[in-house]
Amino acid sequence: ARRPRVLSGIQPTADSFHLGNYLGAVRNWVAMQDTHDAFYCVVDLHAITMGHDPEALRNRSRISAAQLLALGLDPERCTLFVQSHVPEHAQLGWVLSCITGFGEAGRMVQFKDKSTKAGQDSTSVGLFTYPILQAADILLYQADQVPVGEDQRQHLELTRDLAQRFNTRFGKTFTVPSPYIVKDTAKILDLQDPAIKMSKSASSPNGIIELLDDPARSAKKIKSAVTDTGREILYDEENKPGVSNLLTIYAALTGRAIDELLEAYDGRGYGDLKKDLAEVLLEFVKPIQERTRLYLDDPGQLDKVLAVGAEKARAVAATTLASAYRNVGF
Ligand code: ADP
Ligand code: NA
């Protein structure tokens, strides 16, 4: 049987992925290479909705791609590309924006959050239509499945509505994608404030572990992670979110079960756990940093990989766009 096709994207909005990006998303991307016909893109079009610096964006797109390769994406087993290299995204985005209701787009919670924070004068129309472009990203590839976290559910629902609406009005054109719920997705929490998720927009730089950061700095952050006043190492998300978060990270990076870790740390203190986790992290990031560096030091090779990816992506995207254009009357 044909493997289900999956589409997922990541924004090039930071100089390094953080541990949450890897354990919550990219790690699953790597696994899905073996179970899915996988399309992954660095969504640079989405990275300009809130204001940006051109040179930083260019660098971050390359660093993102290099990290994805270093983390285990294999261009032989997936299609990895940069969104702006495939002009069909913006082209289909326009068509879809013309079948989206203004009120419908206005109901997107993420837009409301972000625009409230930014204020009306610095809120772009692009931020408003962003979920429509995201629908185009998905529908262009006739994706069967899209991995979604809680924050993206509403956007996928819009994508499904738009696909159905287009198919009904203009004839069957798009596959209606289903959410792909990944079982072992770890939600990684902020090391300084385990009430919130680890995020690049975190309030304290000490709350976030960046894969490309100096490992000595990351070790320090782990050692100063907020735990609680107790002493026992227990997995208890509600009462011991800090320690539980460290255990989650430890288990995810080593492939060991939480129960096994609890047994190994029975009778030992938080200090031991943190010291060992810092070691584990060092061993994990070392080869990733080396491989990322290799890709970045050979820009010609990275360009080639991304050009091949864009070509593979375009072959599919152009076919879908042609049929969408034909059906809509162009
Ligand atoms: P950030 O929240 O830092 O801005 P993004 O929104 O760019 O990160 O997220 C990119 C991907 O990483 C998404 O698939 C998202 O679900 C995942 N992700 C981000 N933060 C975490 C986290 N703390 N734990 C698990 N997954 C996360
Ligand atoms: Na986010």
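Criterion first (of a type outside the set (D, E), more than 18 Å from the chain's Cα centre (by Cα) and within 16 Å of ligand 1 (Cβ to nearest atom)) does A105 satisfy it?
When the stated conditions are applied, A105 does not pass them.
Residue by residue, here is whether (1) among the charged types (D, E, K, R); (2) at pLDDT 95 or above; (3) closer than 17 Å to I222 by Cα; (4) over 22 Å from the mean Cα position of the chain (by Cα) holds:
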residue: I249; (1), (2), (3), (4): no, yes, yes, no
residue: V280; (1), (2), (3), (4): no, yes, yes, yes
residue: D297; (1), (2), (3), (4): yes, yes, no, yes
residue: L306; (1), (2), (3), (4): no, yes, no, no
residue: S323; (1), (2), (3), (4): no, yes, no, yes
residue: G329; (1), (2), (3), (4): no, yes, no, yes
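Would you mind telling me which numbered condition in (1) more than 16 Å from ligand 2 (Cβ to nearest atom); (2) touching a Ser or Thr at 6+ places or on another chain (Cβ under 6 Å); (3) farther than 19 Å from Y40 by Cβ K223 fails?
If we test K223 against (1) more than 16 Å from ligand 2 (Cβ to nearest atom); (2) touching a Ser or Thr at 6+ places or on another chain (Cβ under 6 Å); (3) farther than 19 Å from Y40 by Cβ, just (2) comes out false.
Sort out for me the helices (runs of 4 or more DSSP H) sitting completely within the stretch 206-307 that have 3 or more residues that are over 17 Å from K187 (Cα atoms), out of contact with any Asp or Glu (no Cβ under 9 Å at 6 or more places or on another chain) and not β-branched (V, I, T).
Hits in the stretch 206-307: 215-223, 258-264, 270-297.
Does the stretch 180-192 hold any residues that are at pLDDT 95 or above, more than 16 Å from ligand 2 (Cβ to nearest atom) and not aliphatic (A, V, I, L, M), and which are they?
Q192
Does G269 count as buried (at least 19 other Cβ atoms within 10 Å of the Cβ) and out of contact with any Gly (no Cβ under 6 Å at 6 or more places or on another chain)?
No.
Here's a check for you: in the stretch 215-265, which residue that is of a type in the set (S, T, Y) and exposed (fewer than 14 other Cβ atoms within 10 Å of the Cβ) is farthest from P194 (Cα to Cα)?
My answer is T229.
Scan the stretch 122-146 residue by residue and report those that are among the hydrophobic types (A, V, I, L, M, F, W, C), surrounded by fewer than 24 Cβ atoms within 10 Å (Cβ to Cβ) and within 15 Å of ligand 1 (Cβ to nearest atom). Break it down stepwise before answering.
Looking only at the stretch 122-146, we keep the residues that are among the hydrophobic types (A, V, I, L, M, F, W, C), and these are 125, 127-128, 132-133, 135-136, 138-140, 143, 146.
Retained after the next criterion (residues that are surrounded by fewer than 24 Cβ atoms within 10 Å (Cβ to Cβ)): 125, 127-128, 133, 146.
Selection gives L127, V146.
Answer yes if at least one residue in the stretch 147-158 is under 17 Å from A322 (Cβ atoms), surrounded by 17 or more Cβ atoms within 10 Å (Cβ to Cβ) and either within 16 Å of ligand 2 (Cβ to nearest atom) or touching a residue at least 40 places away in the same chain (Cβ under 8 Å) (or both), and no otherwise.
No: the stretch 147-158 contains no residue that is under 17 Å from A322 (Cβ atoms), surrounded by 17 or more Cβ atoms within 10 Å (Cβ to Cβ) and either within 16 Å of ligand 2 (Cβ to nearest atom) or touching a residue at least 40 places away in the same chain (Cβ under 8 Å) (or both).
Evaluate the stretch 196-211: report whether one residue or more is more than 30 Å from I138 (Cα to Cα), away from ligand 2 (no atom under 14 Å from the Cβ), over 18 Å from the mean Cα position of the chain (by Cα) and surrounded by 15 or more Cβ atoms within 10 Å (Cβ to Cβ).
yes
The values are calculated or read from the model by the stated rules, or taken from the named source; none is laboratory data. None of the values given here were measured: they were computed from a predicted structure. Reconstructed Cβ throughout: ideal geometry from the backbone, glycine too, with neighbour counts over all protein chains shown.
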